[in-house]
Every structure is written in C-alpha cells, then in structure tokens.
Amino acid sequence: MKRYDILVVGAGPAGLAAAQAAAASGRKVGIIDDNPQAGGQIWRGGPASQSDARARALWLSLQDAPNVEFLSQTRVLYAPAAQQLQVQTASSAITVHYERLILATGARERLLPFPGWTLPGVTGAGGLQALSKGGYPVAGKRVVVAGTGPLLLAVAATLRARGAQIIAIVEQAPLPALARFGAGLLATPSKAAQALQLARHLRGIPYWSDSYVRAALDTSGVAAAAPQLRAVRIQKGSSTITLECDYLACGYGLLPNVELAQALGAATHSRKGQTAVTIDSWQQTRISNVYCAGEGTGVGGVDLALVEGRIAGLAASGAVAETATLFHQRTRWRKFASRLEHTFALRPEILALAEDNTIVCRCEDVCHGELKTHSSWRSAKLHTRCGMGPCQGRICGGATELLYGWRPAAVRSPIVPARVASMIESAPD
Ligand SMILES: Cc1cc2nc3c(=O)[nH]c(=O)nc-3n(C[C@H](O)[C@H](O)[C@H](O)COP(=O)(O)OP(=O)(O)OC[C@H]3O[C@@H](n4cnc5c(N)ncnc54)[C@H](O)[C@@H]3O)c2cc1C
C-alpha cells in the first residue's frame, strides 16, 4: 500500500508538468505510468534523452525532488474505494491512496476500417513510430504514411531518421484547408518553426493532400505466400493509384483516454466522435479532488498538455492564485487545437470504405456486414461480441462511433487487461 498527497496518473508532458507544479508545494507526489520510462507518447524513450529542452528540464527537477516518487510499469486497473486506485506492477498489485488525483492519461490513435487494414504490415501511424522508437527495425523498408493530421509528418520524420524509405505521405484533408492552417501557424511561431523543421526533414517525400487509402492489398495471389501487405490503393483526387510498399502506417487522429475518468464518475462530453473529460477552469472534474489535464480533456498537442498539466498541479496543491497567469496561454493553445480539429475533420468517404467482409472489431473478428444490422453498441455487443475482446472496445469503439453513431456503453473495470492474480490480491476477504 502506498499513500500520496497528490497522485498523477500518466507521465507524459501533462503528467510531468502537473507533478512538477504540485511538488513545489512540498506535498508528497506520486506519478504512475504503465511504460518502463516516463515521457508519454511524444517523449517516448525517456524525457532525459529528448531534444526538447522542456522534457529534460522537467525530468531533472522531478528527479531531484525528494517528495516525488515515480512508479513505472505500473498500470491503474480500477478504483476499489474513494481515494484509492488498484494498480498492477510488473510483479504484483497494490492499492495506492491519494488525497488528490490528477489524470493525465493521454490519447490513443483512431484507427478506421478499410479493406485489408488487418493485414500484417498495416499499422497505426503512431503505432509504427512507437515500434521503431522501441527498436523495431524499419531501415530500408518502403513505408506509406497515411491518414490525417500533423502526426503523419512527425511519424514520417521519425521513420526516415531510422532509415525507412517513405514512399508518400497521404493526407485526407483538402489543400485549401491545409494552406489556411499553414498560414494560421504565424500566430504560433513555435509551431511554425517546428513545421519548417519537419519540412526540412521530409524534403523530397511526396505529400498528397485530398488523398486517402482505399485498400491495403496482400500477397494471397502468390503461391505459398502467407498474407502480407504488398501495396496500397490510394484515392488521390479523382485518380486511383497503387503504391507498392512493405508497411502502411495509417491513423486518423487521436482519441482521448477517458476510461479511468469515467470509471471514477467524472463527466465527459462528445464532439465529432471524440469523447473528452469535462473540466472547469482549474482542470477540476465534477469530482472535487479529481483533476484532468492533457489529451484526456481533448486532443490539443504537447503545448496545451504542458500548460494544462501545470494548472492542474498548482490547483491540486492549493496554489490556485498562481494558475491565473497561465489561463491566457491555455486559451491560445486551445485555439490552436480547434484549428487542428477544423482542418483535419474527416471526409465522409473515409467512413464508407468498409465492405461487408471488412473486419471492424479485430479482437473478436466481427465484420461490417454483421454490425450494420444493429441499432446500438449494446445490441452489437450482445449479438456479435463486438468490443468484448482484450481491447474492450478501445479500438473498434472509436470506429463504430463514427461509422454507426453508437456511443459505447459505460466503462467496466478493470479498465485495462489485468492479471487475474492482481484482482484476487485486492479482493476483500
Ligand atoms: C501513438 C502516438 C504517437 C504520438 N507521437 C507524437 C509525435 O511524434 N509528436 C507530437 O508532437 N505528438 C505526438 N503525439 C501526440 C502527443 O501524445 C501529445 O501531443 C502529447 O504528448 C500529449 O501529452 P499527454 O501528457 O496528454 O499524454 P501522453 O503523452 O499520451 O501520456 C499519457 C501517459 O499516461 C499513461 N497511461 C494511460 N492510462 C494509464 C493507466 N491506466 N495506468 C498507467 N498509465 C497510464 C500512458 O501510457 C502515457 O504514458 C502522439 C500521440 C500518440 C497517441
């Protein structure tokens, strides 16, 4: 059993900023993250090794703070009682008590079904980036990066730096919207500088706007070959183009991780297929001692995550007056977030790509043809097992919300797959 005055779940930019702000009060702060190293998605591999000076500075100050403890490879499973979280470590399970809780659980990729999307060789865009950052070899591999949003550029840059040959970046947003977004970057010089840097890293790679993947094609026509991605068929304006490749890294933006907040009873709201935690000006949820910061409150990028984390950390540690100076920054990055949402809004054709035999729920192998006859998530679950596999709807739930307009049912604990022993150890006698 462990006890903290302030407990932060998630050690990405939002969680680290929250922990640093909270630690300044002298209170005992705990940070939990399920990865071996802190840093979250953008600073994967550890904040100490990043080129972003903010990552290094945050980590340095947290490492030096005697009142901060980092629990890595520790995953929150559920809340057994008020002010308690049951967590699973690499080898055991413990109950963590807190006075105040800051949720900084980030986001995951939105994957949408199209013919062939379950073939070996097809991954999420951020998924292949994460794999390569973890050492998966991509050198010499031909990769098509597709989907939508600025993440595609970051992914292509990471993969190229690790020796991959990027065949094309395929962006579904139309060129006029992208041009407006580019011009709007002048309002945020740091983002404009980042965009120019990315453009330098990506020089020579074709960037196709107004384009999307229609299908991933396999080798099943080749004798004795196991199914494997061979090529992708792309709709580029009014033409259809086939590109041969080894990997297709395809993602349609991000979805906030809201399950823990929902399990604790925090309110959420939905917009355009994205459900986010509802917070007040101090990042507080409707539960008085639970705060939320970063992508969980809506996808907005690293700068918004950092300022939200800082506000949450200050508010949770009682330094409410100090938060006021940060509101202006938050408003600025929220405006940037809404420009992102507007520019990279999904075109309807992408939601009409699945054919009757296209798998939508890949844990339980449930196809579009079976699902489209149902009127709700609950009905689909009961009759087809959609969303009842290991991911518990975290992947297919994002797709079915957009494809069929279903809101996933209430979250069930444990919120992530857990060892049976972790549940037994925590059960009351
Ligand atoms: C796959 C992926 C790749 C990305 N790559 C880039 C990039 O290259 N460049 C860029 O600018 N932006 C990238 N982003 C966006 C980036 O994540 C955000 O801009 C920003 O980092 C969000 O910070 P955060 O602290 O809110 O969340 P995150 O950085 O996502 O951190 C959340 C942390 O909480 C942990 N967590 C969640 N639930 C639990 C739980 N139950 N128990 C324990 N720990 C938990 C997660 O493992 C994670 O480490 C990426 C996003 C994703 C999903």
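The values are calculated or read from the model by the stated rules, or taken from the named source; none is laboratory data. As the structure is a computational prediction, the values presented were derived from the model and not from experiment. We place every Cβ from the backbone using ideal geometry, glycine too, and count neighbours over all the protein chains shown.
Got a sec? Which helices (runs of 4 or more DSSP H) wholly within the stretch 174-271 have at least 1 residues that are among the hydrophobic types (A, V, I, L, M, F, W, C) and closer than 19 Å to Ala154 by Cα?
Once the helices (runs of 4 or more DSSP H) in the stretch 174-271 are filtered for at least 1 residues that are among the hydrophobic types (A, V, I, L, M, F, W, C) and closer than 19 Å to Ala154 by Cα, what remains is 175-184, 189-201.
Among the numbered conditions (1) without any contact (Cβ under 8 Å) to a residue 24 or more places away in the chain; (2) in a strand (DSSP E or B); (3) surrounded by fewer than 19 Cβ atoms within 10 Å (Cβ to Cβ), tell me where Ala276 comes up short.
Every condition holds for Ala276 apart from (3).
In the stretch 385-404, is there at least one residue being out of contact with any helix residue (DSSP H, G or I) (no Cβ under 9 Å at 6 or more places or on another chain) and among the polar types (S, T, N, Q)?
Checked the stretch 385-404: no residue is out of contact with any helix residue (DSSP H, G or I) (no Cβ under 9 Å at 6 or more places or on another chain) and among the polar types (S, T, N, Q).
For Arg160, only one of the following conditions fails: (1) away from the ligand (no atom under 16 Å from the Cβ); (2) assigned to a helix (DSSP H, G or I); (3) of a type outside the set (Asp, Glu). What is its number?
Tallying (1) away from the ligand (no atom under 16 Å from the Cβ); (2) assigned to a helix (DSSP H, G or I); (3) of a type outside the set (Asp, Glu), Arg160 fails exactly one: (1).
Just name the residue that is nearest to the ligand (Cβ to nearest atom) out of those in the stretch 373-401 that are assigned to a helix (DSSP H, G or I) and surrounded by fewer than 18 Cβ atoms within 10 Å (Cβ to Cβ).
Narrowing the stretch 373-401 to residues assigned to a helix (DSSP H, G or I): 377-384, 396-401.
Applying the additional criterion that residues be surrounded by fewer than 18 Cβ atoms within 10 Å (Cβ to Cβ) yields 378-379, 382-383.
Values: Arg378: 24, Ser379: 28, Leu382: 27, His383: 29 Å.
Only one residue fits best here, namely Arg378.
Say we look at the stretch 325-356 and pick out the residues that are among the small types (Gly, Ala, Ser) and assigned to a helix (DSSP H, G or I); which of these is surrounded by the most Cβ atoms within 10 Å (Cβ to Cβ)?
Selected residue: Ala337.
I need the full set of residues from the stretch 1-18 which are within 6 Å of the ligand (Cβ to nearest atom) and part of a strand (DSSP E or B), in order please.
Initially, the stretch 1-18 is screened for residues within 6 Å of the ligand (Cβ to nearest atom), giving 9-15.
Of everything in the stretch 1-18, just one residue is within 6 Å of the ligand (Cβ to nearest atom) and part of a strand (DSSP E or B), namely Val9.
State all residues of the stretch 134-152 that are within 20 Å of Ile350 (Cα to Cα), within 16 Å of the ligand (Cβ to nearest atom) and not in a loop (DSSP other than H, G, I, E, B); if no residue qualifies, say none.
Listed by number, the residues that qualify are Val145, Ala146, Gly147, Thr148, Leu151, Leu152.
Would you mention how many residues in the stretch 19-36 are surrounded by fewer than 24 Cβ atoms within 10 Å (Cβ to Cβ) and within 9 Å of the ligand (Cβ to nearest atom)?
So the count comes out to 2.
Looking at the stretch 243-251, is at least one residue under 15 Å from Glu109 (Cβ atoms) and within 14 Å of the chain's Cα centre (by Cα)?
yes
Would you point out which residue out of Gly300, Gly313, Gly296, Gly309 is surrounded by 15 or more Cβ atoms within 10 Å (Cβ to Cβ), under 26 Å from Leu175 (Cα atoms) and in the same structural domain as Gly39 (by TED's automatic domain parsing)? Working first, answer last.
Numbers: Gly313 fails: under 26 Å from Leu175 (Cα atoms); Gly296 fails: under 26 Å from Leu175 (Cα atoms); Gly309 fails: under 26 Å from Leu175 (Cα atoms).
Answer to the selection: Gly300.
Can you tell me which condition Val320 does not meet? The list is (1) outside the structural domain of Ala93 (by TED's automatic domain parsing); (2) over 24 Å from the mean Cα position of the chain (by Cα); (3) β-branched (Val, Ile, Thr), and all the others hold.
Among (1) outside the structural domain of Ala93 (by TED's automatic domain parsing); (2) over 24 Å from the mean Cα position of the chain (by Cα); (3) β-branched (Val, Ile, Thr), the lone unmet condition for Val320 is (1).
State all residues of the stretch 28-45 that are more than 15 Å from the chain's Cα centre (by Cα), in a loop (DSSP other than H, G, I, E, B), of a type outside the set (A, V, I, L, M, F, W, C) and over 12 Å from Gly134 (Cβ atoms); if no residue qualifies, say none.
Lys28
If you go through the stretch 218-239 one residue at a time, do you hit one that is within 16 Å of the ligand (Cβ to nearest atom) and in contact (Cβ under 8 Å) with a residue 40 or more places away in the chain?
Checked the stretch 218-239: no residue is within 16 Å of the ligand (Cβ to nearest atom) and in contact (Cβ under 8 Å) with a residue 40 or more places away in the chain.
With respect to the numbered conditions (1) surrounded by 18 or more Cβ atoms within 10 Å (Cβ to Cβ); (2) of a type in the set (Gly, Ala, Ser); (3) farther than 23 Å from Ala107 by Cβ, which one is the sole condition not fulfilled by Ala146?
The single condition Ala146 does not satisfy is (3).
Out of everything in the stretch 357-372 that is crowded, with 17+ Cβ neighbours inside 10 Å and acidic (Asp, Glu), what residue ends up being nearest to Cys386 (Cα to Cα)? Quick ask: steps written out before the conclusion?
Pass one, the stretch 357-372, residues crowded, with 17+ Cβ neighbours inside 10 Å: 358-361, 363-364, 366-368, 370-371.
So of that shortlist, the ones also acidic (Asp, Glu) come out as 364, 370.
Numbers: Glu364: 6, Glu370: 10 Å.
Out of the qualifying residues, it is Glu364.
Select from the stretch 69-126 the residues that are in a loop (DSSP other than H, G, I, E, B) and within 19 Å of Ala305 (Cβ to Cβ) and write down the one among them that is nearest to the ligand (Cβ to nearest atom). Let's see the steps before the verdict.
Initial filter on the stretch 69-126 (in a loop (DSSP other than H, G, I, E, B)): 72-74, 79-83, 89-92, 104-106, 110-121, 124.
From the residues that got through so far, the ones that are within 19 Å of Ala305 (Cβ to Cβ) too are 104-106, 110.
Details: Ala104: 5, Thr105: 4, Gly106: 2, Arg110: 9 Å.
By that ranking, first place goes to Gly106.
Would you check if there is a residue in the stretch 39-59 being within 20 Å of Ala418 (Cβ to Cβ), modelled with pLDDT of 95 or more, surrounded by 24 or more Cβ atoms within 10 Å (Cβ to Cβ) and within 9 Å of the ligand (Cβ to nearest atom)?
no
Which residue is farthest from Gln88 (Cα to Cα), if the candidates are limited to the stretch 402-429 and must be within 20 Å of the chain's Cα centre (by Cα) and in a helix (DSSP H, G or I)?
Top of the filtered list is Leu403.
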